[in-house]
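No lab work stands behind these numbers, since they all come straight from the coordinates. No experiment lies behind these values; they were computed from the predicted model shown. Positions of Cβ are backbone-derived with ideal geometry, glycine not excepted, and every protein chain shown enters the neighbour counts.
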Amino acid sequence: MIEQFFPNASLLWEEFGTATLETLAMTCISGVIAGILGLILGVILLITDEDGLQPNRIVYSILDKIVNIGRSIPFIILLAVIMPFTRVLVGTSIGTEAVTVPIVLGTIPFFARQIQNVLLEVDSGVIEAAKSMGESNLGIILFVYLKEGLVSIIRASSFTVINLIGLTAMAGTVGGGGLGAMALQQGYQRGRDDVTLLSLVLVLIIVFITQIIGNLLVKWTLRGRKI
Amino acid sequence: MIEQFFPNASLLWEEFGTATLETLAMTCISGVIAGILGLILGVILLITDEDGLQPNRIVYSILDKIVNIGRSIPFIILLAVIMPFTRVLVGTSIGTEAVTVPIVLGTIPFFARQIQNVLLEVDSGVIEAAKSMGESNLGIILFVYLKEGLVSIIRASSFTVINLIGLTAMAGTVGGGGLGAMALQQGYQRGRDDVTLLSLVLVLIIVFITQIIGNLLVKWTLRGRKI
Amino acid sequence: MIHLKNISVHFKQKNREVHAVKNVSLEVESGDIYGIVGYSGAGKSTLVRIINLLQHPTDKSSEVIVDGKNLLSLSQKELRKERKKIGMIFQHFNLMASRTIADNVAFPLRNSGLSKAEKEEKVEKLLDLVGILDKKNSYPIQLSGGQKQRVAIARALANDPKILLCDEATSALDPKTTLSILELLKEVNQKLGITIVIITHEMQVVKEICNKVAVMENGNIIESGNVVDIFNQPKQALTRDFIRTATHIEQAEKKILSHTKEQVYELKFSGRHTADPIIVEIYKRFGIVADILYGNIEFLQETMIGTLFVTLEGKVELNELEAYLAEQDVTITKINKKT
Amino acid sequence: MIHLKNISVHFKQKNREVHAVKNVSLEVESGDIYGIVGYSGAGKSTLVRIINLLQHPTDKSSEVIVDGKNLLSLSQKELRKERKKIGMIFQHFNLMASRTIADNVAFPLRNSGLSKAEKEEKVEKLLDLVGILDKKNSYPIQLSGGQKQRVAIARALANDPKILLCDEATSALDPKTTLSILELLKEVNQKLGITIVIITHEMQVVKEICNKVAVMENGNIIESGNVVDIFNQPKQALTRDFIRTATHIEQAEKKILSHTKEQVYELKFSGRHTADPIIVEIYKRFGIVADILYGNIEFLQETMIGTLFVTLEGKVELNELEAYLAEQDVTITKINKKT
Amino acid sequence: GCGGSKSSDSKERKYVVGVTTEQQKEIWKYVGKQVAKDGIKIDVKIFSGYTEENPALADGSLDLNSFQHVAFLNNFNKENGEDLVPIAFTLISPFGLYSGIEKGSTGDYKNAEKKIKSYKDLKDGDTVAIQNDVTNGGRALQLLDAIGVITLKKDAPESPTVKDIEKYNTKIEIKEIQADQIASVLPDVTAATINTNFVNDQLNTTPREAALYIDTDHLEKVNDIYKNVIAARKEDENKKDFKTIVKAYQTPEVAKLIEKTNDMPAW
Ligand SMILES: Nc1ncnc2c1ncn2[C@@H]1O[C@H](COP(=O)(O)OP(=O)(O)OP(=O)(O)O)[C@@H](O)[C@H]1O
Ligand SMILES: Nc1ncnc2c1ncn2[C@@H]1O[C@H](COP(=O)(O)OP(=O)(O)OP(=O)(O)O)[C@@H](O)[C@H]1O
Ligand SMILES: [Mg+2]
Ligand SMILES: [Mg+2]
């Protein structure tokens, strides 16, 4: 039965398993790193902007430009351009570990900009209240911005992770693995539609799980807050 | 002078001109189409969700899944998968026009999800006030959600356009032009760093212009509203 | 005009349910200015939001009949049509941050069929009425608290509603502006026959403009009826409390008792229609000299009500005095120091 | 305790400037409960926000000295330290939507050095004080308007501030809750010596707890001083207006004049320290029978102030009467029907 | 003009040709000039990567393409059930094995410090990068087989994959990398197979100067299937205009252009 509908895929169970794990590994590792760095960068953008907590025209405009540059370099070129850097960082520029570097670098500005946009929506009255209590800027960021904006941050995060999963498909370019590479190299390029399809379905499942986790986190954050 | 630093690029002025125009054309056309369709899809997601204006579990969960699917298929595969559709739509599956179809399709769910997230932040009290005035759902969407959320929508739009510019770099895959293809084919793949650099700088300029237009629109929207 | 029957509202929270409104029925007649008072958290806002179905009753047996139509049985479209006839002033104003003051007020006029110039004229008239015409091009964030409230009032009136729901329409306003707003409401009520339901914690507001009042406690309407009746003869402890606190009698009593060593009496005027000079009459008839320590007396819709705290000098025959005063619709009570 | 000198605040808007506060100076002494009243939009909130520098004065020559420190010259860090000593209740509450009521109140305690249990105890005590302990695990969105305001009050007190700034701390509250909050404020003022600045539009609040008051109009403080003095001898028209409107004399006058055809007199008690029985004395001395139509008399910090509207029956020699009443610190005025 | 024309008897006689590199584009521009006098117009579309040229030909978006060898075409036909046909040989591209370079070594590939001097230096544990597409990857494996590093199974297909390796004679690790990225990863591998166009452009050298081994030097070991072709749809196989075009292609002038790119004319 399965063999009939998935003539090629059924020969590759093990590869599917490995590829899935590789995609998960890439997603999680780069997600965590890009998440932390992107969050920090986004917060710095937020507070150094004109109406921010600690306006600083110079820092803001430099970081703002870096974010734009980071977002506008096509991934494949980014990957090539930063190879020397990748090599310093992980010792090689090929393979699954190596591709996480450009994925992280590509995701940081993507996430940072979203964090910035999202935190701009936090009620300014509440920020003021915190100021009036003598809260430090760091305190306001940690305990007001991030807390009040948490739901939006979660939404932006699942959005970003899903985007990042898309980027992991490029891993194959430098000999990395994962489901994207599998779909392309073992499936699409060889006209094996069943392999392509199955790889994509597995990617989709990961995406759905991400979205579901995101939605659950939102629900959990809003628990008890319902009206 | 210029010839010295840009030995190869200086021979390609005309190509740079064409490529820039192609990138601009792809960006504008797919931006407008994906913008409109993504906005509509995002609004439908917003209103059919559990706490929306017109909850509809079935419509929501179908569209929600389509958006996730759309966002998780690697662009290169999306491009291949929808070729027959592209052909029907624009008469060919290659070239700059043809690549706008997958770009649009890839951008719609990206933008839609952002619109949804952004409009979720509109003050529910204001929505209630509009309801109390007997405003129709359409009226609430057009004159409350979109109006109150305008600043966030603009921010999401420039974010999306910048992302879309990244996608246009993939045009080369199907014989399309533009600066991304130029950077890759005429620059990177041929080891001509000056061409790569110049192409990227041109892309960056477009990205910066997008961001500046976005910022100006935000300023303009908030004109007079400053505190 | 408004008939609420068996309205209950339960909010489910994590670990417990809040019964904000408990099987309440309310009847507001056309032309009424109906006050709803009660402690903070009593369920007033929730109840009023039922009237235009911003809040759905959680009970199946509930009925919400407004202007002859059972709102719960209407289609969305029909409900919208009915809502257009109901103006609402929200406790938290709910102004649109992205629109100027003028545009906020113009919002309900979008589908009114008025020309642009007519709309503008109407908006300016309304803004002028509430005294913030000079702010018409400002945005809500640039207004003071009271100014925001006034925009909300103007907006609620824009549509020429048949019913006006006011949730604390004047709580952020100074007494002068409050007075002018109340007069405005009274005027629209009288001239245009608009029915008004007004939530307030200021008994003064009730006295000033309401003809009926309902007192809420803990999700229930514990007392309702004519304002005069209720002010005269409050049946429930809470109502009495409310009236006393609002007229500051309680505070006065406390102060007086701590200032004087003599026996203090309370003279309570409740619905006295004649205006005989009581104090002098007492002196004439009984030779008793009454000294007013505290007084709060006023006309409430043609009848005199209020309280005087007095000390009495002379030979006080309480029984006789009581009998005479009862004829005059005045009750006398000996006030004892509370321990 | 608080010295504001030459404070001006200008907001720049598209096409014009709003001068919200115009070169105002204000001095609040330690232990004061200082009321600020004025029409909506007068600049009260803006002025009070100067005290903790949430609003910076736009003028270079301004000085903001709080507790001996010139706030304008402090570093960010020092300013934060000073702010911790100043509690603030915002007009729009500004509660954190993502935190429960208890967590909102616990927020200012984060760096207080208290243990978790101590914090919890303190929070519960505060919530109990304002009467919403049962809501401690609810979120702001689930509270009624008045409940939110009470959370804001509890939060402002959490830090044991030396100064408490209240922007309409009781505007959303029913009279009973208002009273209990005011008593709470008075208590913290007396027991802990907290200096309180309170913006309010309720003159009753001023009467109840303030010892000083400033009246703002159009960005200026037009009158300020002792509450008793100001209530007795308001110098500015606006102040008089405010007091009259707040005590509802204006409305009473209107009503009385439309109800009676006889001549009406106003007896004004301003700072009468003795408590002679005026009405009976008039009858005894002049044979004049005074009938009280409206009365509002009370003790304000040991002195009796207020107004009676009366009709006089008998042979009225206004001059004599006037002279006698003047001795008693009472002024008499003939009230004429306004046309 | 937007794309190709589906009908073969188009009055316009304009044909869209898909290619992959700038040089091929130059060549086809030259051919286009030659056939212009016959009333034939040639429009060249350049693609990045190898994936879309054949689908585009099959669906009529292209009329011809000229970028692949027979093996690639066969693989495409087989996997996709298409029926594209070669109508003429064009060239054969030398395919070489190149040494990796030391990390941190600077300058041109020519001057960079190489990891090995000869393919014989490959030893156990070394890494070799090969292309990650089916045919180039297959050709790379055949090259490794030819130099004795691995042995392919007897029944290995035309384009073998790593699964078709019977035995590693040297225990190398094979990494599959996208063709255009291989030059960039040379510091991370011991050796790599690189397509000649990238050797020319990205390494600024030629197979002759730099390769450790060039498969076309041992043509007996190179399958004919690596000869590049012009491909068309089956129904256009005998189109008169295409004969004209092929004739214009297979000329000494074009041969010179081909040699300029270090390829070898092969018709
Ligand atoms: N969305 C909600 N979820 C849970 N509880 C709620 C919600 N909304 C209101 N409540 C609770 O219902 C009760 C009634 O609230 P309501 O807003 O009707 O009070 P109110 O009488 O208007 O008070 P106030 O005068 O303070 O505005 C309160 O105890 C409140 O906490
Ligand atoms: N951010 C701002 N931009 C422009 N104008 C402002 C701004 N904030 C306040 N104003 C204006 O300054 C004046 C004073 O405002 P403020 O909030 O101090 O008044 P208030 O006395 O507190 O009134 P209320 O009793 O209604 O709260 C008002 O006319 C208001 O419109
Ligand atoms: Mg309420
Ligand atoms: Mg204010």
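Once you compute Rg and the Kirkwood Rh from C-alpha atoms, what is the Rg to Rh ratio for the range E:57-192?
Rg/Rh: 1.03.
Measure nothing but the geometry: give the 0 to 90° angle between the long axis through the Cα atoms of B:193-221 and the longest principal axis through the Cα atoms of chain B, rounded to 10°.
Orientation of helix B:193-221: about 20 degrees from the principal axis.
Could you list which residues have their amide H under 5 Å from that of C:GLY38, counting only those 5 or more apart in sequence or on another chain, with H placed in the peptide plane?
Those lying under 5 Å, H to H, from C:GLY38 are C:MET216.
From other protein chains only, count the Cβ atoms within 10 Å of every residue's Cβ in E:130-142, then give the mean.
Across the residues of E:130-142, the mean count of other-chain Cβ atoms within 10 Å is 2.
Could you work out the Rg to Rh ratio of the range B:11-226, with Rh taken as the Kirkwood radius (inverse of the mean 1/r over all Cα pairs)?
1.05
With +1 on each Lys and Arg Cβ and -1 on each Asp and Glu Cβ, and nothing else charged, work out how big the dipole of the protein assembly as shown is about its Cα centre, in Debye to the nearest 20.
The dipole of the protein assembly as shown has a size of about 520 debye.
How many nm separate the modelled label positions at D:LYS254 and B:ARG57, each set 7 Å beyond the Cα in the direction of the Cβ?
Distance between label points: 5.7 nm.
Pairs C:LYS261/C:LYS284; C:LYS116/D:LYS44; C:LYS119/C:LYS191; C:LYS5/C:LYS81; C:LYS119/C:LYS186: which exceed 29 Å Cα-Cα?
Among C:LYS261/C:LYS284; C:LYS116/D:LYS44; C:LYS119/C:LYS191; C:LYS5/C:LYS81; C:LYS119/C:LYS186, the Cα-Cα distance tops 29 Å for C:LYS116/D:LYS44.
Please give the Cα centre distance for the range C:77-111 versus the range A:12-42, rounded to the nearest Å.
The range C:77-111 and the range A:12-42 have Cα centres separated by 48 Å.
Taking the number of other C-beta atoms within 10 Å as the exposure measure, put C:MET88, B:MET83, C:MET1 in order starting with the fewest.
C:MET1, B:MET83, C:MET88
Compute and list, largest first, the equivalent-ellipsoid semi-axes of the range C:22-88 from the alpha carbon gyration tensor, each √(5λ) rounded to a whole angstrom.
With the √(5λ) rule applied to the range C:22-88, the semi-axes are 20, 15, 11 Å.
Under 25 Å Cα-Cα from E:LYS103, which lysines qualify once same-chain neighbours fewer than 8 residues away are excluded?
E:LYS114, E:LYS115, E:LYS117, E:LYS120, E:LYS123, E:LYS171, E:LYS175
Give me Rg/Rg_expected for chain E, where Rg uses Cα atoms only and Rg_expected = 2.2 N^0.38 Å with N residues.
So chain E has a normalised radius of gyration of 1.05.
List the aspartates and glutamates whose Cα sits under 16 Å from the Cα of E:LYS37, skipping any in the same chain fewer than 8 residues away.
E:GLU12, E:ASP241
By what distance, in whole Å, do the Cα atoms of the protein assembly as shown stretch along each of the three principal axes, largest value first?
Principal axes ranked by extent give 143, 65, 58 Å for the Cα atoms.
Roughly what would the spin-label model give for D:ASP134 and C:THR333, points 7 Å off Cα along C-beta, in nm?
It works out to 2.7 nm between the two label points.
Once both axes come from the Cα atoms, what is the angle between helix E:240-249 and the longest principal axis of chain E, in degrees from 0 to 90, rounded to 10?
40 degrees
Over what distance in Å are the Cα centres of the range B:141-205 and the range E:135-184 separated?
Cα centres, the range B:141-205 to the range E:135-184: 37 Å.
Which order results if A:ARG225, E:ARG139, A:ARG155 are arranged by neighbouring Cβ count within 10 Å, fewest first?
Ascending Cβ contact count within 10 Å gives the list A:ARG225, A:ARG155, E:ARG139.
PRE reach from D:THR303 (point 7 Å along Cα→Cβ): which of the range D:227-250 fall under 13 Å by backbone N?
D:227-235
Determine which lysines satisfy two conditions relative to A:LYS219: a Cα distance under 19 Å, and not lying fewer than 8 residues away in the same chain.
Cross-link targets: A:LYS147, B:LYS65, C:LYS12, C:LYS14.
Hey, can you list the DSSP H helices of chain D whose Cα span along the axis is 27 Å or longer and whose average Kyte-Doolittle score is at least 1.0?
Helices meeting the span and hydropathy rule in chain D: none at all.
Quick one: which residues, 5+ away or cross-chain, put their amide H under 5 Å from the amide H of B:SER93? H built at 1.01 Å from N.
Counting only residues 5 or more places away or on other chains, the set is E:SER61.
Which FRET efficiency value, to the nearest 0.05, is calculated for B:GLN4 and A:ILE66 with the Förster distance at 25 angstrom and r the Cβ-Cβ distance?
0.30
Please compute, for peptide B:122-130, the average count of beta-carbon atoms on other protein chains lying within 10 Å of each residue's beta-carbon.
Per residue, the average neighbour count from other chains is 6.
Under 14 Å from the 7 Å Cα→Cβ point of E:THR205, by amide nitrogen: which residues of the range E:168-184?
Label zone hits: E:183-184.
Take the alpha carbon gyration tensor of the range C:248-335, find the square roots of its eigenvalues, order them as a ≥ b ≥ c, and report rounded if a/c is under 1.5; if not, report prolate when a/b exceeds b/c, else oblate.
The shape class here is oblate.
If R0 is 41 Å, what FRET efficiency do you get for A:THR221 and C:GLU120 from their C-beta distance, rounded to 0.05?
For R0 = 41 Å, the calculated efficiency reads 0.35.
Ranked highest first by average number of other Cβ atoms within 10 Å, how do C:252-263, E:192-203 line up?
E:192-203, C:252-263
At a 10 Å Cβ-Cβ cut-off, how would you order E:PHE242, A:PHE5, fewest neighbours first?
Ascending number of Cβ neighbours within 10 Å: A:PHE5, E:PHE242.
May I ask you to work out the translational diffusion coefficient for the range C:2-243 at 10 °C, viscosity 1.306 mPa s, via Stokes-Einstein with Rh from the Kirkwood sum over Cα pairs, reported in whole µm²/s?
86 µm²/s
Just to confirm the number: angle between the C-alpha axis of helix E:22-36 and the first principal axis of chain E, 0 to 90 degrees, nearest 10?
Roughly 20 degrees between the two axes.
Can you compute the charge dipole magnitude of chain D about its Cα centre, using +1 on each Lys and Arg Cβ and -1 on each Asp and Glu Cβ, nothing else charged? Give it in debye, rounded to the nearest 20.
In total the dipole reaches around 1640 debye.
Return the distance in nm (one decimal) between the two label points of a simple spin-label model at D:ILE222 and C:ASN111, each offset 7 Å from Cα along Cα→Cβ.
4.6 nm
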